[in-house]
């Protein structure tokens, strides 16, 4: 979606722009409007929570130290981690690391957030908390969320519309309820 890999064909329209028509500078500008929550969190193990959150701010935005600290605290409060600011990622639980990854994404105020398996490796209670947090963030910041998941509980909470791929091709799309009630045995098997 951000043209890290060039498509084999067709056009990719994102935020009203055809990615095929953009030069490198324009493409990089568009990429700044998109946040990523990686499956593993992609945190820097040698940096504190504060340093992990400050990292995306160092080149992206010219601001004072006070402004950076305000953004860092705002991001931590938004994900319920304000008391972890001076901890190392290794001192955090899996759910806390996911929330820290989300805080790092939010710090740049993206218009779109791409989530890669946001509940993988989490217990059901923490997975539900992360799914609800995605919804809270979406409402608070008016972001578009694109979630790649195999977790149907997450999909049920977060999805307005679902698209199911089979062998790289869209097999079906619709609401959670429409897909759950599908007559297609392969699609229906996801909901059993």
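Every number in this text was worked out from the coordinates using simple rules, so none of it is lab data. This structure is a prediction, so every number in the text was calculated from the model and none was measured. Don't worry about glycine lacking a Cβ; one is built from the backbone with ideal geometry, like all the others, and counts go over all protein chains shown.
Using alpha carbons only, what's the Rg to Rh ratio of segment 1-49 with Rh from Kirkwood?
Details: Rg = 14.1 Å, Rh = 12.9 Å.
Radius of gyration relative to Kirkwood radius: 1.10.
Calculated FRET efficiency, residue 73 to residue 148, Cβ-Cβ distance, R0 = 30 Å: about 0.50 to the nearest 0.05. The mean of 1/r over all distinct Cα pairs in segment 89-176, once inverted, gives the Kirkwood hydrodynamic radius of 13.8 Å.
If packing is taken as the mean number of other Cβ atoms within 10 Å per residue, what is the order of 106-117, 129-140, 23-34, highest first? Could the numbers behind the result be given before it?
Numbers: 106-117: 18.8, 129-140: 16.6, 23-34: 13.2.
The most tightly packed comes first, giving 106-117, 129-140, 23-34.
Using the rule -39500 (n - 2.57) for each DSSP H run of four or more residues, divided by the residues of the chain, the 222 nm mean residue ellipticity is -11500 deg cm²/dmol.
Take the Kirkwood radius over Cα pairs of segment 1-155, plug it into Stokes-Einstein at 4 °C and 1.567 mPa s, and you get 79 µm²/s for translational diffusion. Computed log10 I(q)/I(0) for segment 1-92 at 0.10 Å⁻¹: -0.38, from the Debye equation with unit scatterers placed on every C-alpha and solvent omitted.
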